[in-house]
1. Would you confirm whether or not the stretch 22-43 contains a residue that is farther than 17 Å from residue 144 by Cβ and either at pLDDT 80 or above or of a type in the set (S, T, N, Q) (or both)?
2. Scan the stretch 16-30 for residues that are surrounded by 14 or more Cβ atoms within 10 Å (Cβ to Cβ) and closer than 16 Å to residue 41 by Cα and jot them down.
3. Give the residue, chosen from 106, 115, 34, 74, that is within 16 Å of residue 141 (Cβ to Cβ), among the small types (Gly, Ala, Ser) and surrounded by fewer than 18 Cβ atoms within 10 Å (Cβ to Cβ).
4. Looking at the stretch 57-71, which of the residues that are closer than 22 Å to residue 157 by Cα and out of contact with any Pro (no Cβ under 6 Å at 6 or more places or on another chain) is surrounded by the fewest Cβ atoms within 10 Å (Cβ to Cβ)?
5. Any idea which of (1) in contact with a Lys or Arg (Cβ under 9 Å, 6 or more places away or on another chain); (2) free of Cβ contacts under 8 Å to residues at least 60 places away in the same chain is the one residue 34 doesn't satisfy?
6. Could you identify the single residue in 147, 155 that is within 17 Å of residue 35 (Cα to Cα), at pLDDT 90 or above and either open to solvent by 60 Å² or more (accessible area, probe 1.4 Å) or aliphatic (A, V, I, L, M) (or both)?
7. Residues that are open to solvent by 20 Å² or more (accessible area, probe 1.4 Å), more than 19 Å from residue 157 (Cβ to Cβ) and modelled with pLDDT of 90 or more: does the stretch 85-97 have at least one?
8. List the pairs whose first member sits in the stretch 101-122 and is farther than 15 Å from residue 37 by Cβ and free of Cβ contacts under 8 Å to residues at least 24 places away in the same chain, whose second member is among the polar types (S, T, N, Q) and open to solvent by 40 Å² or more (accessible area, probe 1.4 Å), and whose Cβ atoms are under 9 Å apart, counting only residues at least 6 apart or on separate chains?
Amino acid sequence: MQKKNQKIIFIFSLFCVPFLFLVSPKWIALQGVSPCWPVLWLLPWSLNKGKAFGLFAGFCLGFFLDGLTIDGPSQIPSLMILGWWWGQIGHQGKSIELSLNLGLLSLIGTVFFGSSIWLQNFFSEDFLDSSWFHIWSFHTLLSQAILTSLIAPVLCSWILLKINSRRQPN
């Protein structure tokens, strides 16, 4: 029964990510930029389940989100790398005790995710026609990283508590 409840939480939260990705609440945006919802979902699940699950979940989430955005860079590689890395951290057995550690991990993950998208955009364009330094991309990256790292201690801690409370018998 506990495994069934955990699967329900997993599937429900997985389908919340594309919903939040598409209709991010305006009151949670910072200068028009919403938090990085895939990072906020992938972080606690990868820490809890391990690196193989994180790699697979990063692929599935990236594939699902790439289906929502028809053209442009792929989110799959960065989410797979982040899922594997966070799964490796969780697999080492050291529990994340301070919620600020979740904020730091989400900050690093969001910067990596945004940089990956930015680099894919840069290399897909013609080198001579594009300027390398796009101020709007750094503004978006910085705003998204700050906002995600501020939300992560609360949201990721709550998800980790829900996952771990389903494991322990009452």
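1. No, the stretch 22-43 contains no residue that is farther than 17 Å from residue 144 by Cβ and either at pLDDT 80 or above or of a type in the set (S, T, N, Q) (or both).
2. Once the filter is applied, which keeps residues that are surrounded by 14 or more Cβ atoms within 10 Å (Cβ to Cβ) and closer than 16 Å to residue 41 by Cα, the stretch 16-30 yields 17, 18, 20, 21, 24.
3. None of the others qualify; the one that does is 115.
4. 57
5. The number of the failed condition is (2).
6. 147 is the lone residue from the list that is within 17 Å of residue 35 (Cα to Cα), at pLDDT 90 or above and either open to solvent by 60 Å² or more (accessible area, probe 1.4 Å) or aliphatic (A, V, I, L, M) (or both).
7. yes
8. Final answer for the pair search is 118/140.
The values are calculated or read from the model by the stated rules, or taken from the named source; none is laboratory data. These numbers were taken from a predicted model, which means no experiment stands behind them. Cβ coordinates were reconstructed from backbone atoms using ideal geometry, including for glycine residues, and neighbour counts include every protein chain displayed. The accessibility values were calculated without ligands, DNA or RNA, using every heavy atom of the protein model including side chains. Shrake-Rupley method; radii C 1.70, N 1.55, O 1.52, S 1.80 Å.
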